[in-house]
Every structure is written in structure tokens, then in C-alpha cells.
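Quick note: the coordinates plus some simple rules give every number you see, no bench work behind them. Quick caveat: nothing in here was measured; it's all calculated off a predicted structure. Counting neighbours? That spans all protein chains shown, and the Cβs are built from the backbone with ideal geometry, glycine included.
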Amino acid sequence: MEEKTNYEKDLASIRNLMERSVKVISLSGLAGVMAGLYALAAAVYVYFQVYLEQISRSRHYFDDNPEKIYHLLAVALITLLASVSTGLYFSHRKAKRVGTSLWNSSSKRMVINLIIPLVSGGAFVLIILMHGYIGLIAPACLLFYGLALINASQNLFDEIRYLGYLEIVLGIISSIFIGYGLIFWAVGFGVLHIVYGVLMYRKYDA
């Protein structure tokens, strides 16, 4: 009986080592929470300071105002940089705690798989913005972000894949309700990230 118990422990150890070798285990749930909070703060700021009143439920266009366009891009860039910086900080801290390297073969594959859909989506969003279809920006962001998460999920925990599915569904729904993009954007990048981050923290970090 004791030999069987030891055998099961050995198998569990081997399984754990194999999982650590193929998955990025240093990602922190706190990073997801903070990214969600940043996204919600950005959405609130845009709603009160930048969001165009001309956008209605039936309009796909908006008046060409370069100043407001640059303002929107600046807010998006600041939110992205804050989220990435915070994610790197918490991931580095967790990597030290679990005794692994933040930058290894698994994280390299994850970044490659993540960045291809994100760069493609970013280029597509810029083209949409150039043509004035601002109502489709939020759906495109959510769709490509969901695809990026699913594409990178093979080197991450399974919860990332489910988050990607939710982002895609939310992007499709938001493409139907043009004019409410900011709300869907806040839910997808804000609320879902916070919920995901809390679940990940309780399951893997706590």
C-alpha cells in the first residue's frame, strides 16, 4: 500500500514537472485584476472626456476630429503600457516565488502565439479608424484579443482559453449593438479581466 502511495506521488511530481515545462506558470492573477481596473478607469475617462455624442445606435461613422482620435489612441496606449508593466511586475515576483524563470522557452512561444493575432488586430483597427468606422473598433478589439488568448492558451492555463471564448462572444454581440462599444469594451477588458484575475489568484497564487 505504501509503495502504491509513493508511486502515485512520483507520478504527480512527474506530471507537475511536465506541466511546468510547457506552460507559463509565472502569470499572476493580480495582474489580471489590475489590468481590468485600468481598463475600467480608461472607459470611465473616455466616456466623460472623449466619447462622441454623435455616435448613436444606427451610426457607424463619426465626424473626423483628429484631436479626439489622438486622444483616444493616447488613452488606449497608456492603458496598454500600464497593464503590460503591471503584468511584468507581478509575473516577475511570482516567478521568483515559485523558483522559475520569467523568460523561458514556454514564455517565448506564448508571446509569439499572442502577438501575431494582436498585431494583426491592431493593424485592422487602425484601418477601421482611418475609414471612420469607430463603431466597429470595440468589436474588432474584443474579437482579435479573444483569438490571441486562444492561440496562446496552449502555453497557459486552461482558464485563459475560456476567457478568450468569452471575449469573442462579447465581440460578436457588440458588433450587433453598434453605439454601445464602450460598454462592451469595459465589460470585456475590465470586468472579465477582474473576474478572471480573482479566480486565477485564488486557484494558483493564494
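What is the Cα convex hull volume of the range 123-164 when expressed per residue in Å³?
With only Cα atoms used, the range 123-164 gives 47 Å³ per residue.
Based only on other Cβ atoms within 10 Å, what is the fewest-to-most ordering of S120, S107?
Final ranking by Cβ density, sparse to dense: S120, S107.
Once a ≥ b ≥ c are taken as the square roots of the eigenvalues of the Cα gyration tensor of the range 79-176, is the result rounded (a/c under 1.5), prolate (a/b larger than b/c) or oblate (a/b not larger than b/c)?
prolate
Report relative contact order for the range 146-193 in percent, whole number only (criteria: Cα-Cα under 8 Å, sequence separation at least 6).
Across the range 146-193, relative contact order equals 31 percent.
Label R109 and D205 with points 7 Å out from Cα along Cα→Cβ: what is the distance between them in nm?
Going by the 7 Å Cα→Cβ label model, 2.5 nm.
Tell me, T100, T86 in order of fewest to most beta-carbon neighbours within 10 Å?
T100, T86
Please give the length that would be gained between Y165 and K96 if that part of the chain were fully extended, namely 0.36 nm times their separation in residues minus their C-alpha to C-alpha distance (nm, one decimal).
Difference between extended and current length: 21.8 nm.
Can you check what the net charge comes to around E167, using other residues whose Cβ is under 14 Å from the Cβ of E167 (Lys, Arg +1; Asp, Glu -1)?
0
Figure the gain on full extension for Y180 and Y133 (residue separation times 0.36 nm, minus the Cα-Cα span) and round it to one decimal in nm.
Value of the extension gain: 15.6 nm.
Please compute P(r) over all alpha-carbon pairs of the range 99-143, binned at 5 Å starting from zero, and give each bin as a whole-number percent.
5, 20, 21, 14, 11, 10, 9, 6, 2, 1
For the range 80-206, what does the relative contact order come out to in percent, with C-alpha contacts under 8 Å and a separation of six or more?
Once divided by the residue count of the range 80-206, the mean separation gives 21 percent.
Label points 7 Å out from Cα along the Cβ direction at Q154 and Y70: separation in nm?
4.3
Provide R93, R202, R161 in ascending order of the number of other Cβ atoms located within 10 Å of each residue's Cβ, fewest first.
By the 10 Å Cβ count, ascending, the order reads R202, R93, R161.
Quick check for me: using +1 on Lys/Arg Cβ and -1 on Asp/Glu Cβ, what's the dipole size of the range 83-200 about its Cα centre, in debye to the nearest 20?
Result for the range 83-200 is approximately 520 debye, rounded to the nearest 20.
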